[in-house]
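Engineer: Sharing a structure with you now.
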Amino acid sequence: MISPDKINYYFGNNLRKFREAKGCSQEEFAEICKISRAYYGRVERGEHSITIEKCALIAQALGIHISVLFTDLPD
């Protein structure tokens with residue numbers, strides 16, 4: 001089970017992998033998602049919890065279902 005203090009870290013790593021696979025910088029991807037680069041960077045580094053609404057924007061920008069963002073998180 002993932003400890004609560006590590007969930008943001010692992011989730012942020014997942015986001016980084018998706019963003020890099022799309023070939024975007026943090027700045028480019030944040031613009032596509034219509035969120036600030038600073039906010040996105042904090043989420044990707046695991047420094048900030050993300051809202052479901054922001055997850056939906058990210059999933060839409062990636063062209064995936066929101067649930068895919070949560071796959072491959074460690075148990």
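The values are calculated or read from the model by the stated rules, or taken from the named source; none is laboratory data. Computed from a predicted model, the values in this text were never measured in an experiment. Cβ placement follows ideal geometry from the backbone for every residue including glycine, while neighbour counts extend to all protein chains displayed. Accessible surface areas use protein heavy atoms only, side chains included; no ligands, DNA or RNA. Shrake-Rupley method; radii C 1.70, N 1.55, O 1.52, S 1.80 Å.
Engineer: So what is the accessible area of the chain per residue, in Å², with the probe set to 1.4 Å?
Structural biologist: That works out to 63 Å² per residue.
Engineer: Can you pull the percent of Cα pairs in the chain with separation above 20 Å?
Structural biologist: Cα-Cα pairs in the chain separated by more than 20 Å: 20 percent.
Engineer: While we're on this one: Rounded, prolate or oblate for the stretch 25-69? Axes are the square roots of the Cα gyration tensor eigenvalues, ordered a ≥ b ≥ c, and the cut-off for rounded is a/c under 1.5.
Structural biologist: oblate
Engineer: So how tilted is helix 7-22 from the main axis of the chain? Cα-based, degrees 0 to 90, rounded to 10.
Structural biologist: Approximately 30 degrees, to the nearest 10.
Engineer: Test of the criteria: in the stretch 4-75, which GluC sites (Glu not before Pro) are in a DSSP loop and have at most 13 other Cβ atoms within 10 angstrom of their Cβ?
Structural biologist: Qualifying residues, ordered by number: Glu47.
Engineer: In whole percent, and with a 1.4 Å probe on the protein chains, what portion of the accessible area of the chain is carbon and sulfur? Kindly include the intermediate steps, with their values, before the conclusion.
Structural biologist: Working: 2510 of 4750 Å².
Solvent-exposed carbon and sulfur of the chain make up 53 percent of the total.
Engineer: Could I ask something else about it? Treat each spin label as a single point 7 Å out from the Cα along the C-beta direction, and report the His65 to Ile2 distance in nm.
Structural biologist: 1.9
Engineer: Taking only Cα atoms, what is the 0 to 90° angle, nearest 10, from helix 52-62's long axis to the longest principal axis of the chain?
Structural biologist: 60
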